[in-house]
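The values are calculated or read from the model by the stated rules, or taken from the named source; none is laboratory data. Just so you know, these numbers come straight off a predicted model, no measurement behind them. With ideal geometry, Cβ positions are generated from the backbone for all residues, glycine too; neighbour counts draw on all protein chains shown.
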Amino acid sequence: MSSTPEHPAELLNATAELVIAGRKVRLDMPVPAGPTRLAELLPLFRSMTDAFVKVSVENARAEGLTVSCQKGCGACCRQLVPIAEIEARRLRDTVNELPEPRRSAIRARFEAARQRLEQAGLLEKLRQPQQFQDDDVIPFGMDYFHQRIACPFLEEESCSIYAERPLACREYLVVTPAAHCAEPTVESVRCVKLALHTARTVRGLDAERSAHGAPWVALILALEWADTHPDESPSQPGPEWVREVFGRLTGRPTPDAP
């Protein structure tokens, strides 16, 4: 990865060239040069995710597979979606930036979902993701899905904040018939095999550096979580964050820029 200053006190223009699943990928990324919190790099993580997903989809098509996701199919928007702390705060800010009465309507959907989760006996465990064991996640996720609680941003079976959707949502694409998603099982729903897992990587790094240490936050609880957990994470130069993320993604150390 190389960097050249365009605005020395502000941004670096970083370039990363990778070979992912046999395909060359070039990423041109504006990176803050100075002390930066991880949250400030969320736009960069989104563009990385989109690039890696594109490669993954191309590989799936080369194998004769077809992505069945399309506008108007919102079954996955009723699943339990794990997001990073930085994403929870960004979703909260996105809602707060909406004009009225839309802002109040979205917040009301979050509150209605919270009440349904409480009635189903799922709320308190969902608030404590650090207590989940690996073998708890799928059964709990199925219990959650059977509540049929739509994402508060789902409107007319499509995402109403598509540009702001979380990394996990960007990565979730299926190559099995869309009808199977209404009653998903491990056997009936097959996802696109990801070349790199950005969402998981960012969640892990975020949890390690956070003062709160949540391994993930449920999207459905994003607003209440963000309102009670301020960002107290450390800062470091943007290029250091990027090198660390790429190192974790690829499993190889990324050299410093010359």
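Residue pairs whose Cβ atoms lie under 7 Å apart, separated by 6 or more positions or on different chains, with the first residue in segment 129-147 and within 20 Å of GLU187 (Cβ to Cβ) and the second among the β-branched types (Val, Ile, Thr) and surrounded by 10 or more Cβ atoms within 10 Å (Cβ to Cβ), do not occur.
Here the condition is being farther than 16 Å from LEU167 by Cβ, in contact with a strand residue (DSSP E or B) (Cβ under 9 Å, 6 or more places away or on another chain) and charged (D, E, K, R); of ARG103, ARG61, ARG78, it holds for ARG78 alone. Within segment 231-248, residues that are touching a residue at least 60 places away in the same chain (Cβ under 8 Å) and over 24 Å from ASP93 (Cβ atoms) sit with their Cβ atoms under 6 Å from residues that are hydrophobic (A, V, I, L, M, F, W, C) and buried (at least 17 other Cβ atoms within 10 Å of the Cβ), at 6+ positions apart or across chains, in these pairs: PRO239/VAL31.
Does VAL242 count as under 18 Å from the mean Cα position of the chain (by Cα), at pLDDT below 95 and not acidic (Asp, Glu)? Spell out the reasoning first.
Numbers: under 18 Å from the mean Cα position of the chain (by Cα): yes; at pLDDT below 95: yes; not acidic (Asp, Glu): yes.
The answer is yes for VAL242.
The selection criterion, being farther than 30 Å from HIS212 by Cα, modelled with pLDDT of 95 or more and surrounded by fewer than 18 Cβ atoms within 10 Å (Cβ to Cβ), holds for GLY64.
Answer yes or no as to whether PRO177 is in contact with a Ser or Thr (Cβ under 9 Å, 6 or more places away or on another chain), loosely packed, with under 14 Cβ neighbours inside 10 Å, at negative phi and of a type outside the set (Phe, Trp, Tyr). Steps first, answer last, please.
Values: in contact with a Ser or Thr (Cβ under 9 Å, 6 or more places away or on another chain): yes; loosely packed, with under 14 Cβ neighbours inside 10 Å: yes; at negative phi: yes; of a type outside the set (Phe, Trp, Tyr): yes.
So PRO177 passes the test.
Against the numbered list (1) touching a strand residue (DSSP E or B) at 6+ places or on another chain (Cβ under 6 Å); (2) under 14 Å from SER68 (Cα atoms); (3) surrounded by 18 or more Cβ atoms within 10 Å (Cβ to Cβ), TYR172 comes up short only at (1). Being within 30 Å of ASP227 (Cβ to Cβ), in contact with a His (Cβ under 9 Å, 6 or more places away or on another chain) and of a type outside the set (Gly, Ala, Ser) is a property that ARG89 has. Looking across segment 175-190, the residues that are farther than 13 Å from ALA75 by Cβ and modelled with pLDDT of 90 or more come down to VAL175, ARG190. Candidates are the residues of segment 86-141 that are of a type in the set (Gly, Ala, Ser) and part of a helix (DSSP H, G or I); the one that is surrounded by the most Cβ atoms within 10 Å (Cβ to Cβ) is ALA88.
Can you spot a residue in segment 17-24 that is closer than 21 Å to SER235 by Cα and without any contact (Cβ under 8 Å) to a residue 40 or more places away in the chain?
Filtering segment 17-24 for residues closer than 21 Å to SER235 by Cα gives none.
Among the residues of segment 17-24, not one is closer than 21 Å to SER235 by Cα and without any contact (Cβ under 8 Å) to a residue 40 or more places away in the chain, which makes the answer no.
When each of LEU196, LEU205, LEU167, LEU223 is tested for being over 30 Å from ARG23 (Cα atoms) and touching a Phe, Trp or Tyr at 6+ places or on another chain (Cβ under 9 Å), the lone residue that passes is LEU223. The number of residues in segment 181-232 that are crowded, with 16+ Cβ neighbours inside 10 Å, more than 16 Å from the chain's Cα centre (by Cα) and among the small types (Gly, Ala, Ser) comes to 1.
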